[in-house]
Amino acid sequence: MADRLLDYSGLKCPYPILKLSAQYPNFKKGEIIEVIGDCPTFEKDIQAWCKRLGKTILHIEKQGYKITVKIRI
Amino acid sequence: MAGNFCPYGGFLECNNIFCEYGQKLSEILHHCSNVIEKLAKGDTSDKIEVKVKRYAVQRLIDSLNNQSRSLEELIDLNHELAIGICEHFDVLRRLQEGDFSATASEDSPIEIVRMLGKLINHQKERFLDYISKIKQQYKEIEILHKQEKEILSHIGVAILISEEDMTVEFINEEFERLTGYSKKEVEGKMKWIDFLAEEMLKQMIEYHKLRRIHPSLAPRQYESKIKHRSGRKIDVLINVGMIPYTNKSVASVIDISERKKYNNRLFIIKKWIP
């Protein structure tokens with residue numbers, strides 16, 4: 001169960017990660033967030049974001065373009 | 001034929017002898033339409049690899065592939081820019097929170113992001129230098145403060161330093177000897193008015209207030225009475241001054257009981273001897 005759910009469906013990349021970054025200061029360390037996006041490059045972007053910021057991807061679920069990613073902050 | 005109706009205006013398995021394109025061309029056009037639809041969504045993963053003899057169709061395929069590659073480059077650039085900004089934003093946030101282990105990466109393929117990373121790291125170094133200088137100055141001040149207290153501790157006059165709220169911050173050994181109270185009992189715990197004889201309280205508090213409005217409003221030197229721990233009253237000469245840039249005051253207290261006694265005796269003798 002995630003501590004927060006951020007639904008960025010309908011937004012074109014890179015808006016979802018820009019919005020995620022803007023939200024990031026509100027997150028607590030260790031918190032699990034669930035991010036949803038349906039842009040074709042969403043998965044690639046979220047992986048790059050996690051790698052650069054040293055965050056752990058716990059789970060990725062794909063349903064067509066719709067992707068749900070669980071991240072540990 | 002009716003079961004194979006083509007939604008794009010033709011027939012998938014067209015056996016019409018009048019149709020000049022036939023089945024293959026129809027499939028290629030379907031493929032092209034799918035690629036265009038995906039490009040519109042920002043998905044550049046599909047490319048059309050087939051080669052056809054018909055020049056107009058081949059031109060369409062080449063244009064689509066070129067458009068797809070250009071769009072892919074633009075998307076990559078856009079994403080690299082966005083990720084770079086996100087990363088630098090995070091570094092700045094961590095620095096603001098006092099986490100100086102945060103370092104911005106300087107290897108982005110986009111020059112402006114790379115320069116921004118360098119700028120952030122450079123600023124961090126400058127800031128760390130500044131902090132280390134402040135720490136050094138703070139240490140020097142601390143040493144000076146200790147030296148000053150050491151000098152005051154061994155001076156032959158009783159010294160007291162008071163905060164604005166009258167709490168005693170410091171007394172020296174001579175003050176301990178004069179009042180019978182130890183540093184431990186006094187510093188940070190007692191107020192200087194605790195040492196005053198009751199009859200002097202009102203006037204001395206007035207001086208304290210006036211001195212903080214302007215130092216010239218209260219006398220620098222005056223006689224007063226303080227109480228020894230035992231309750232014995234001591235006549236003293238007090239010299240008070242403000243410590244610059246603070247609301248603290250420093251007072252030297254000289255025991256003039258003996259002198260007072262002799263003066264009184266002299267006064268009585270003078271009165272009785274014409």
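The values are calculated or read from the model by the stated rules, or taken from the named source; none is laboratory data. Quick caveat, the model's predicted, so the values are computed rather than measured. No Cβ is skipped: glycine too gets one built from the backbone with ideal geometry, and neighbour counts run over all protein chains shown.
Annotations for the structure displayed:
- B:Glu87 being closer than 30 Å to A:Leu18 by Cα and either within 14 Å of chain A (Cβ to nearest Cβ) or crowded, with 17+ Cβ neighbours inside 10 Å (or both): yes
- Test: B:Ile120 is farther than 30 Å from B:Ser257 by Cα, in contact with a Phe, Trp or Tyr (Cβ under 9 Å, 6 or more places away or on another chain) and not aromatic (Phe, Trp, Tyr): no
- Top-ranked residue of the range B:59-84 - restricted to ones that are in contact with a Lys or Arg (Cβ under 9 Å, 6 or more places away or on another chain) and touching a residue at least 24 places away in the same chain (Cβ under 8 Å), ranked as nearest to the other protein chains (Cβ to nearest Cβ): B:Gly84
- Lone qualifier among A:Ile57, A:Ile17, A:Ile46, A:Ile36 - being modelled with pLDDT of 90 or more, within 14 Å of chain B (Cβ to nearest Cβ) and not in a loop (DSSP other than H, G, I, E, B): A:Ile46
- Taking the listed residues A:Gly10, A:Gly64, the one that is on the phi > 0 side of the Ramachandran plot, at pLDDT below 85 and within 13 Å of chain B (Cβ to nearest Cβ) is A:Gly64, with no other qualifying.
Residues checked against (1) of a type outside the set (Lys, Arg); (2) touching a strand residue (DSSP E or B) at 6+ places or on another chain (Cβ under 6 Å); (3) under 29 Å from B:Ser249 (Cα atoms); (4) not in a loop (DSSP other than H, G, I, E, B):
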{"residue": "B:Lys118", "(1), (2), (3), (4)": "no, no, no, yes"}
{"residue": "B:His122", "(1), (2), (3), (4)": "yes, no, no, yes"}
{"residue": "B:Leu128", "(1), (2), (3), (4)": "yes, no, no, yes"}
{"residue": "B:Gln136", "(1), (2), (3), (4)": "yes, no, yes, yes"}
{"residue": "B:Ile141", "(1), (2), (3), (4)": "yes, no, yes, yes"}
{"residue": "B:His145", "(1), (2), (3), (4)": "yes, no, yes, yes"}
{"residue": "B:Glu148", "(1), (2), (3), (4)": "yes, no, yes, yes"}
{"residue": "B:Ile155", "(1), (2), (3), (4)": "yes, no, yes, no"}
{"residue": "B:Ile159", "(1), (2), (3), (4)": "yes, yes, yes, yes"}
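- Complete set of residues in the range B:22-76 that are part of a loop (DSSP other than H, G, I, E, B) and aromatic (Phe, Trp, Tyr): none
- Residue check, B:Gln67 surrounded by 13 or more Cβ atoms within 10 Å (Cβ to Cβ) and more than 24 Å from A:Gly54 (Cα to Cα): yes
- The set of residues from the range B:45-84 being in contact with a helix residue (DSSP H, G or I) (Cβ under 7 Å, 6 or more places away or on another chain), closer than 24 Å to A:Leu20 by Cα and among the β-branched types (Val, Ile, Thr) comprises just one member, B:Ile83.
- Here is the figure for the range B:25-45: residues that are surrounded by 16 or more Cβ atoms within 10 Å (Cβ to Cβ) and within 14 Å of another protein chain (Cβ to nearest Cβ) total 5.
- Candidates B:Lys260, B:Lys270 - the one that is part of a helix (DSSP H, G or I), surrounded by 15 or more Cβ atoms within 10 Å (Cβ to Cβ) and free of Cβ contacts under 8 Å to residues at least 40 places away in the same chain: B:Lys260
- Qualifying residue in the range B:203-213 (condition: exposed (fewer than 12 other Cβ atoms within 10 Å of the Cβ), in a helix (DSSP H, G or I) and among the hydroxyl-bearing types (Ser, Thr, Tyr)): no
- Checking each residue in the range B:223-246 for being in a strand (DSSP E or B) and among the aliphatic types (A, V, I, L, M) picks out B:Ile226, B:Ile234, B:Val236, B:Leu237, B:Ile238, B:Val240, B:Met242.
- Hits in the range B:167-180 (condition: without any contact (Cβ under 8 Å) to a residue 60 or more places away in the chain, buried (at least 20 other Cβ atoms within 10 Å of the Cβ) and under 21 Å from B:Gly231 (Cβ atoms)): B:Val168, B:Ile171, B:Glu174, B:Thr179
- Only a single criterion out of (1) within 41 Å of the chain's Cα centre (by Cα); (2) under 24 Å from B:Ile151 (Cβ atoms) is not satisfied by B:Arg177, namely (1).
- Residues considered: A:Ile17, A:Ile71, A:Ile67, A:Ile60. Of these, the only one that is out of contact with any Leu (no Cβ under 6 Å at 6 or more places or on another chain), free of Cβ contacts under 8 Å to residues at least 24 places away in the same chain and β-branched (Val, Ile, Thr) is A:Ile60.
- Within the range B:88-103, residues that are on the phi > 0 side of the Ramachandran plot and outside the structural domain of B:Ile120 (by TED's automatic domain parsing) reach no partner that is surrounded by 14 or more Cβ atoms within 10 Å (Cβ to Cβ) and assigned to a helix (DSSP H, G or I) with beta carbons closer than 7 Å at six or more positions or on different chains.
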